[in-house]
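Readers should treat all values here as calculations from the given coordinates under stated rules, not as data from a laboratory. Just so it is clear, the model here is predicted, and its values are computed rather than measured. Please note: Cβ atoms are built from the backbone with ideal geometry, for glycine as well, and neighbour counts cover all protein chains shown.
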Amino acid sequence: METPGSQSSLHRANLERVVRAVRLAGSLTQAEIARTTGLSAATVSNIVRELKDGGTVEVTPTSAGGRRARSVSLSGDAGIVIGVDFGHTHLRVAIGNLAHQVLAEESEPLDVDASAAQGFDRAEQLVSRLIAATGVDRAKIAGVGLGVPGPIDVESGTLGSTAILPGWGGTRPAEELRGRLGVPVHVDNDANLGALGELVWGSGRGVRDLAYIKVASGVGAGLVINGKIYRGPGGTAGEIGHITLDEAGPVCRCGNRGCLETFAAARYVLPLLQPGHGPDLTMEGVVRLARDGDPGCRRVIADVGRHIGSGVANLCNLLNPSRVVLGGDLAEAGELVLGPIRESVGRYAIPSAARQLSVLPGALGGRAEVLGALALALSEMGDSTLLDGSATGALPAATPAFT
């Protein structure tokens with residue numbers, strides 16, 4: 001029996017530290033593992049050798065800083081995670097392994113007015129279809145990450161009122177999906193998962209403090225502080241869409257007037273352009289027309305960028321992030337929207353905070369949330385299962401990595 005403070009318990013703790021570091025990062029060199037865990041290079045080398053001999057990790061030659069190195073990643077057959085993303089008009093599911101490789105991914109339209117039960121039934125069917133297509137063993141599923149476009153109460157796991165998925169308020173998404181799939185399910189809102197996806201595999205790599213701004217039917221932010229998603233005690237941190245820009249402005253769905261969302265979200269922006277462009281105009285279409293030179297669309301996108309920049313300036317003054325990543329369809333507008341965002345930040349943010357900030361488009365596009373869901377499942381699983389050898393078996397050859 002291991003006793004606290006014994007040599008065996010210390011060794012076990014070090015094993016778990018190394019496995020966790022590799023699991024969260026996808027792959028690390030031994031030098032990076034040492035820096036991440038605080039363990040000595042010799043200790044890391046011995047642990048990696050032990051984990052490799054036990055089949056928990058794979059070691060491949062690589063280079064770092066022009067020097068030869070060894071890249072360490074979890075074995076592709078160590079386990080499976082699933083990401084499920086409910087959006088305004090879609091359902092997207094991805095299956096990945098613990099080596100951060102996507103085995104299968106599929107998206108299908110989702111009727112926004114469908115009931116929660118219908119939505120979860122569709123998710124269960126899509127997950128089952130992808131599992132069958134890849135031939136993975138259900139016993140290998142370590143967990144599921146689930147994204148929903150609305151605030152999640154941290155204590156109860158209940159989805160708050162949302163105008164994006166009407167009729168879903170008051171449901172417990174993790175509990176609903178867990179009952180269908182029979183495995184642990186971890187839930188978060190779509191902005192937080194977008195932040196997590198970009199942090200791990202996209203435009204947020206290498207930074208510890210960032211804000212992911214998603215502009216779609218609503219406006220939300222996922223906040224990363226010191227490398228971790230910040231949700232707040234009630235789970236509602238990041239509601240940047242409800243910063244007040246004009247107390248006499250349009251009435252927002254939250255009941256206040258002049259929220260950022262009323263100047264930037266698709267539901268408020270599209271009516272400005274539809275008289276001249278038709279009732280079927282979408283935000284994706286606005287971006288496409290703007291890139292092609294349409295003056296009205298370019299003006300609206302610039303205005304939206306300046307309004308978003310005002311909200312970002314408030315974040316800079318409060319949290320001083322080093323990077324802001326813009327997601328959603330609007331990110332495809334590139335400098336047409338990023339330039340006005342930077343202009344407002346330069347005008348309204350504290351100069352020292354503005355100088356340290358970089359504003360970038362998301363690198364993952366519409367996949368950010370589902371990849372963030374995979375990252376959530378990876379971050380929430382325990383390491384003892386891997387070390388105890390109960391997550392073994394064979395998976396089919398992996399297809400392209402998350403990146």
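Which of rounded, prolate or oblate describes segment 7-74 when judged by the alpha-carbon gyration tensor and an a/c cut-off of 1.5? The shape class here is prolate. Between ASP246 and ARG70, the modelled labels are 6.3 nm apart [label points 7 Å from Cα along Cα→Cβ]. Per residue of the chain, the DSSP helices (runs of n ≥ 4 H) give a summed -39500 (n - 2.57) that works out to -13000 deg cm²/dmol at 222 nm.
Give me the Kirkwood hydrodynamic radius of segment 205-362 in Å, from all C-alpha pairs, to one decimal place? Show your work: numbers first, answer last.
Details: mean 1/r = 0.0635 Å⁻¹.
By the Kirkwood definition, the hydrodynamic radius is 15.8 Å.
Its alpha carbons considered, the chain gives a radius of gyration followed by a Dmax of 22.2, 75 Å. Were the residues from ILE350 through GLN274 laid out at 0.36 nm apart, the gain over their Cα-Cα distance would be 23.6 nm. Taking a Cβ cut-off of under 15 Å around ARG257, the surrounding Lys, Arg, Asp and Glu residues balance to a net charge of -2, with basic ones at +1 and acidic ones at -1.
Listed by chain and number, the lysines whose alpha-carbon sits under 25 Å from that of LYS214, ignoring those within fewer than 8 places in the same chain, are LYS228.
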